[in-house]
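Presented below is the structure to which this report refers.
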Amino acid sequence: MMGDTAGLPPEHTQDAGPACRPERATGMSNAPTLLDRYRLMVTMRAFEEACAQGIPTGELRGELHLADGQEAVAAGMAGALRSDDWMVSTHRCHQHAIVKGVPLEEMMAEIYERVTGLSRGKGGHVHLFDMEHRFSVTGIVGSSLPVALGHAYACRLDNSDSIAIGITGDGGTNTGQFHETMNMAAIWRLPLVILVENNHYAISVPAEEVIAGRGIAERAEAYGAWGRRVDGTDVDEVAVAFAQAVGHARGGNGPALLEAVCFRFRGHYEGDIDHYRKTVVKRRMREEGDPLTIVRRRLLERGEVDETEIAEVESEARGRVRDILQKVRETPGPDAVEAFRDVFAEVPA
Amino acid sequence: MMGDTAGLPPEHTQDAGPACRPERATGMSNAPTLLDRYRLMVTMRAFEEACAQGIPTGELRGELHLADGQEAVAAGMAGALRSDDWMVSTHRCHQHAIVKGVPLEEMMAEIYERVTGLSRGKGGHVHLFDMEHRFSVTGIVGSSLPVALGHAYACRLDNSDSIAIGITGDGGTNTGQFHETMNMAAIWRLPLVILVENNHYAISVPAEEVIAGRGIAERAEAYGAWGRRVDGTDVDEVAVAFAQAVGHARGGNGPALLEAVCFRFRGHYEGDIDHYRKTVVKRRMREEGDPLTIVRRRLLERGEVDETEIAEVESEARGRVRDILQKVRETPGPDAVEAFRDVFAEVPA
Amino acid sequence: MSGNGAGRQQNISQLIAETIGMEMERDPGIVFLGEDIGYSGGTFGASRDLFRRFGEWRVRDTPISEMGFAGMAVGLAMSGWRPLVEIMFVDFIGVCLEPVYNAIAKNRYMSGGRVAMPVTIRAAGGCIGVAAQHSQTLWGMLAHLPGLKVVAPSNPHDYRGLLAASIESEDPVIVIEHKDAYLRKTTEFPLGTEIPSGRYTVPLGKANVVRRGGDLTLATLSTMVEKSLAAAEVLQTDGIGVEVIDLRSVVPLDDATVTDSVARTGRLLVVDEDYLSFGLSGELVARVVENLGPTVVKGVSRLANPDLPIPAALSLEREVIPNEDRILSAARTIVASG
Amino acid sequence: MSGNGAGRQQNISQLIAETIGMEMERDPGIVFLGEDIGYSGGTFGASRDLFRRFGEWRVRDTPISEMGFAGMAVGLAMSGWRPLVEIMFVDFIGVCLEPVYNAIAKNRYMSGGRVAMPVTIRAAGGCIGVAAQHSQTLWGMLAHLPGLKVVAPSNPHDYRGLLAASIESEDPVIVIEHKDAYLRKTTEFPLGTEIPSGRYTVPLGKANVVRRGGDLTLATLSTMVEKSLAAAEVLQTDGIGVEVIDLRSVVPLDDATVTDSVARTGRLLVVDEDYLSFGLSGELVARVVENLGPTVVKGVSRLANPDLPIPAALSLEREVIPNEDRILSAARTIVASG
Ligand SMILES: Cc1ncc(C[n+]2csc(CCOP(=O)(O)OP(=O)(O)O)c2C)c(N)n1
Ligand SMILES: Cc1ncc(C[n+]2csc(CCOP(=O)(O)OP(=O)(O)O)c2C)c(N)n1
Ligand SMILES: [Mg+2]
Ligand SMILES: [Mg+2]
């Protein structure tokens, strides 16, 4: 399986061991290095680009939502996140799946709707399910949060110290589900982290025009919950804040709401003409807010690695994704009969 | 019409004049006296008792929700509330209708499902609609708030200084609609007052067990809105706070959230065995928290009126409701053909 | 006291509570969520004692957040639990239909069979004079959404057996309980009063031929089974033999049993307490006509709630929902016409 | 430039935007609410220019709060406005179905006719290879709920005329626009390319017989009209005359026109891009059989999406939704069988 995951050494998605009911203490005892995170982020970028390749060829259709520019948010979760934690993601889900350890090949195969995909091509790019890695997605905005709440409730029922991470965009915080989830998680002190990727827009609608009050993180107060906003382009900052959020939730203190402010480089979906954002703003965003560039610069500044090592990491990650894409493309789609399977577990005789 | 309303002199539900697009300034220029409010409250109590009479006789069925004990909240709205303001209420709606000026007889006739009812008996006790008095109800918890939001939006579209009052119970604040409504009202600065009748319970579920955070009023902060909690057994306090909330909303400052803490004397609905509340608590509640007793005592303390005058007001109000009930009971139910009318305005030939 | 209702003076809401208790004892993975189901024992009393027996974590009083707790069921199921969710009235399901039809119903399929959704949703339905927003059955609407099974019991035996089967099922099931049944004694029903003393299930998707007859097939479910049986008695005295079929579930719809019957009787009357159009009655007529070919069938007819909101006044409600008289006249008309 | 599309190189999304613009100009009481409908001109471009023309108060970009803004429509309507609401994909309507079926659909009735609910909801539906949560049409589900009209246009002329009629209607109407249509040029359609230069409406509830034929009645709507016409062409060369009826609306359902046709052809095939069961196709078959009596009808058949979530893989989607080939073979089978 490992050859297939994002290239983090196993301890970076903390493994709770086979029982999946770990007694292990909270925290980042296996903290990934910045280079580990960089490798992850390059993999994410390469992965999204590999997905984008399916659009002009017609292999992929529909609203393919890529997350270039948001890598620091996902990669910031590595370390504090454990393999026995649950994660529920949104339409913009690939990076989250990667950090959660979902095998790249099965995921890519699902996105390309191949028989080797996670769901044999029946779910597609907005419906990734990997129970082994405790990861799922819904394509309905806001609906990821109650699902994560259910996982958090299950963690309590199990008496485990696993937690659940529910992810949403800024737009998703305007749904009723956000409120209902925060409230229930708080009254029952459930181990839930709500991670909000605030990329400033819900499709074309600017967050500041449709979110009242001081900010998203501040809404935690209404529920007596932990809340914090962080620069989502800086993977180190995200990592620290996310570890705190996780510590809060895993420690039995109820939900934590972490808002990571970041940029979405591409259109809302592949094909979005993205005319609602100014070209100059988009250029500046890429120039100044690229989390990969920021990490790369920092790595060099710190002098722990040199250009060559970085280039190696990059080409290795990119090469791996390229190989996976090629392999996936050589794989057939599902058999016709698949269409008629799996509606029900039990069909009356 | 007046002979039929709750006995408030016309200025107590401020009349905006025929145009319904008043230029009149905000405020309580026609402040009802405490005796006026008392008359209203006695009418409300008598009205609910008249409704309750339909249960043992089988005239009324279903979940008839009465609000005895909560009169101060409704009566506290008189004065600041204008006839051109909109109000959207809940399953526990009769007192709100009364203060909004909905004619008692048509309302009672609707509750008793008579042909002279507001909806000719087709709506019933949880579906009161009176467009002339800008009042409506939904029986679905939480759903009153978006409807009120729509009215508030319409007030802005109309460029009028009317406002909308959306009412909910404590339980209703846990619905997603509460969040969506507060947020939209705030971003668009709509003239909306959300009045929460916190009677400590949603059916059997105590508010403090299912509402996280410091309180309902405090949730206003999450939206940058005005919020306040008030003793909902004290009509004077409610009146002052409600006038402030209305002033805020009417003044173009966006939504106001007013939480009025009160008691529900009867079961959740007629027939509720109410075993989830201790008998001693229920007794104390009636002894110490009856808003009618409180006002009566205050009226006497202030020395503005004497026992005789109060008794007159009481017997007049009760007599009026009794007469209405009798008249309603003598009225026939709707014709069978009514069942098949009013599904659509237009039916293809 | 293990819930063996035979002969006991028990009403349906008690029977339901006992059944849930039996299932929760049998399967420690069952978690029950809903408004007022815990401390108070349920608005209709259909969960009494469970809170005391299983504690707040397995019998959870929720806030009024249906969207949230319906979605919770998805996460609980993926975590390996078996959620039982009460939506107090099925009329409220519009608040949370999204997770029901887009996740609970579709996750098995969308995951290529790798995710199970053994979720049971119980909800009260039906007309008892409580107006438009609290009287619907909506099984026709729910049945249209693939991935959901939809059940509506008619008698004490089935209230227990179908609920147990639903909870045990690996598939999502919505059980619509009729409000009129809750407070009736199990001994008052015209059928299904014999309740086995041990645990049992009634398989989902198997109709029950509750009366034999050669002239007309009457297919129905829920409370209308009883009204149909009463009408069938009367028709018998007119010499009309009515075969009454209790469908038990809308999905799976046992059209095979109905088709077999119509092959003998030649006539089909569907009686349904849901809205007439685009629901159960049309589907069943269409399937039977397809199965037999139209020319084999002498007559088809449907008696259902007309396509209008349920009026509040009881006198008006009685004008619109099927009752014994209307069943009688619909049956006579179809038999008379050939 | 008043939206006279005749001959212009315009696609359906532009046509829709122009139609809304014409209506908003005509009636200053129309308010348009939805996600991304304002500044950006709509995710599908179906509201371009309206924000600029009518301003943010009448063309309102909402937060992702469907429950809230569907409920807003109720208040707006009661305040005397005429709300037009976009639900981006009809698949999302589960989030806000409650106010749609309990208030928008029922308020007229529950108020004894004193409250009007002239609300129009537009939503995108249909299969274009975008998987289970973004491919549904759900008109069968919506049609089951009394008080709602449900419309699904098939061609440029009707996209304009039915939308204008829906907005103008005093009743609530849900218009399901097919995603496949948005980016197609109005001139590319096989019918309805002639668009009158002035304003016009197409009455709700009147089916359109788009092709005459004597051997088989094929009733359908939305994009399937086109596929059915193509199949009918092929069948003509086999000597099978197919009468193709574009239903245009699910509610009101013009079963009279279909019945008249089947009275002549003796055979009915319903083609539907919604789920097969408990929806449009069963209802129409049942009504026609009821109207004519079963023995008059030689054959009935339904071709619809099977009762399963739409699979993501395009190859699988193609296995399940009706297409020209499947229409051909369904038609041949029914004609061959008597
Ligand atoms: C309930 C619902 N409404 C609308 C949509 C359509 N939609 C998909 S993504 C999206 C914007 C989401 O914005 P945000 O939550 O900020 O996430 P981002 O796309 O920015 O990552 C919308 C409106 C949906 N999928 N579900
Ligand atoms: C969406 C929805 N869920 C559940 C119900 C059933 N129900 C009716 S009233 C009520 C409790 C409401 O509590 P609260 O808002 O505090 O109002 P109160 O009854 O105390 O006045 C519930 C759960 C409903 N009508 N609508
Ligand atoms: Mg965003
Ligand atoms: Mg309450």
Which listed residue is modelled with pLDDT of 95 or more, among the small types (Gly, Ala, Ser) and on the phi > 0 side of the Ramachandran plot, from B:GLY232, B:GLY247, B:GLY224, B:GLY251: B:GLY224
Index of the failed condition, C:GLY161 passing every other in (1) more than 7 Å from every other protein chain (Cβ to nearest Cβ); (2) surrounded by fewer than 24 Cβ atoms within 10 Å (Cβ to Cβ); (3) over 13 Å from the mean Cα position of the chain (by Cα): (3)
Number of the exception - D:GLY129 against (1) closer than 30 Å to A:TYR112 by Cβ; (2) out of contact with any Phe, Trp or Tyr (no Cβ under 8 Å at 6 or more places or on another chain); (3) buried (at least 24 other Cβ atoms within 10 Å of the Cβ): (3)
Selection within the range D:127-146 - more than 16 Å from ligand 1 (Cβ to nearest atom) and more than 14 Å from C:LEU138 (Cβ to Cβ): D:CYS127, D:GLY129, D:THR137, D:TRP139
Every residue from the range D:90-106 that is more than 16 Å from ligand 1 (Cβ to nearest atom) and within 13 Å of D:ALA70 (Cβ to Cβ): D:TYR101, D:ASN102, D:ALA103, D:ILE104, D:ALA105
Any chance A:ASP68 is in contact with a helix residue (DSSP H, G or I) (Cβ under 6 Å, 6 or more places away or on another chain) and either charged (D, E, K, R) or within 16 Å of ligand 2 (Cβ to nearest atom) (or both): yes
Filtered residue count, the range A:110-160, keeping only those that are within 18 Å of D:ILE310 (Cα to Cα), more than 7 Å from every other protein chain (Cβ to nearest Cβ) and small (Gly, Ala, Ser): 1
Some residue of the range B:324-345 being within 14 Å of chain D (Cβ to nearest Cβ), more than 24 Å from B:ILE111 (Cα to Cα) and in a loop (DSSP other than H, G, I, E, B): yes
Breaking point among (1) polar (S, T, N, Q); (2) touching a helix residue (DSSP H, G or I) at 6+ places or on another chain (Cβ under 9 Å); (3) over 20 Å from C:MET67 (Cα atoms), for C:THR120: (3)
Members of the range D:292-306 found to be crowded, with 24+ Cβ neighbours inside 10 Å, out of contact with any Leu (no Cβ under 7 Å at 6 or more places or on another chain) and either assigned to a strand (DSSP E or B) or within 14 Å of chain A (Cβ to nearest Cβ) (or both), listed by number: none
Residue in the range A:44-54 that is touching a Gly at 6+ places or on another chain (Cβ under 7 Å) and at pLDDT 95 or above present: no
Criterion (more than 16 Å from ligand 3 (Cβ to nearest atom), under 21 Å from A:TRP188 (Cβ atoms) and away from chain A (no Cβ under 13 Å)) met by exactly one of B:ILE163, B:ILE203, B:ILE194: B:ILE203
Residue that is over 19 Å from the mean Cα position of the chain (by Cα) and β-branched (Val, Ile, Thr), where the choices are C:ILE121, C:ILE87, C:ILE64: C:ILE64
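For (1) farther than 21 Å from B:TRP226 by Cα; (2) surrounded by fewer than 22 Cβ atoms within 10 Å (Cβ to Cβ); (3) within 16 Å of ligand 2 (Cβ to nearest atom); (4) not polar (S, T, N, Q), each residue gets a yes or a no:
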| residue | (1), (2), (3), (4) |
| --- | --- |
| A:SER160 | yes, yes, no, no |
| A:ILE165 | yes, no, no, yes |
| A:ILE194 | yes, no, no, yes |
| A:ILE216 | no, no, no, yes |
| A:ARG228 | yes, yes, no, yes |
| A:ASP231 | yes, yes, no, yes |
| A:ALA239 | yes, no, no, yes |
Residue identified as touching a Cys at 6+ places or on another chain (Cβ under 8 Å) and part of a helix (DSSP H, G or I) among A:VAL73, A:VAL126, A:VAL99: A:VAL73
Elements of type helices (runs of 4 or more DSSP H) contained in the range B:185-297, each with 3 or more residues being under 30 Å from B:SER315 (Cα atoms) and within 16 Å of ligand 4 (Cβ to nearest atom): B:279-288
Boolean, D:ARG114 is of a type outside the set (S, T, N, Q), over 21 Å from the mean Cα position of the chain (by Cα), surrounded by 24 or more Cβ atoms within 10 Å (Cβ to Cβ) and under 30 Å from B:GLY333 (Cβ atoms): no
Single residue of C:LEU235, C:LEU268, C:LEU253 found to be in a strand (DSSP E or B) and at negative phi: C:LEU268
Residue in the range C:100-120 that is more than 14 Å from chain D (Cβ to nearest Cβ), without any contact (Cβ under 8 Å) to a residue 60 or more places away in the chain and in a strand (DSSP E or B) present: yes
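Quick grid of which residues meet (1) touching a residue at least 60 places away in the same chain (Cβ under 8 Å); (2) buried (at least 24 other Cβ atoms within 10 Å of the Cβ); (3) under 30 Å from A:GLU330 (Cβ atoms):
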residue	(1), (2), (3)
A:THR43	yes, yes, yes
A:LEU66	yes, yes, yes
A:GLY79	yes, yes, no
A:SER89	yes, yes, yes
A:TYR112	yes, yes, yes
A:VAL115	yes, no, yes
A:VAL126	yes, yes, yes
Criterion: at pLDDT 95 or above, more than 9 Å from chain B (Cβ to nearest Cβ) and assigned to a helix (DSSP H, G or I) - qualifying residue of D:ILE93, D:ILE87, D:ILE128: D:ILE93
Failed condition for A:ALA212, given (1) away from ligand 3 (no atom under 13 Å from the Cβ); (2) more than 7 Å from chain B (Cβ to nearest Cβ); (3) on the phi < 0 side of the Ramachandran plot: (2)
Residues of the range A:145-160 that turn out to be in a helix (DSSP H, G or I) and on the phi > 0 side of the Ramachandran plot, as a count: 0
Residue ID - nearest to the other protein chains (Cβ to nearest Cβ), chosen from residues in the range A:166-176 that are under 21 Å from the mean Cα position of the chain (by Cα) and more than 9 Å from ligand 1 (Cβ to nearest atom): A:GLY166
Selection from the range C:192-205 of residues that are surrounded by fewer than 16 Cβ atoms within 10 Å (Cβ to Cβ) and either assigned by TED's automatic domain parsing to the domain that holds C:LEU247 or touching a residue at least 60 places away in the same chain (Cβ under 8 Å) (or both): C:GLU194, C:PRO196, C:SER197, C:GLY198
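Residues checked against (1) in a loop (DSSP other than H, G, I, E, B); (2) modelled with pLDDT of 95 or more; (3) surrounded by fewer than 24 Cβ atoms within 10 Å (Cβ to Cβ); (4) more than 11 Å from chain B (Cβ to nearest Cβ):
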| position | (1), (2), (3), (4) |
| --- | --- |
| C:SER281 | no, yes, no, yes |
| C:GLU290 | no, yes, yes, yes |
| C:LEU308 | yes, yes, yes, no |
| C:SER315 | no, yes, yes, no |
| C:GLU319 | no, yes, yes, no |
| C:ARG326 | no, yes, yes, yes |
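The values are calculated or read from the model by the stated rules, or taken from the named source; none is laboratory data. For clarity, every value in this text was computed on a predicted model and none was experimentally measured. Note that we place each Cβ from the backbone using ideal geometry, even for glycine, and neighbour counts take in every protein chain shown.
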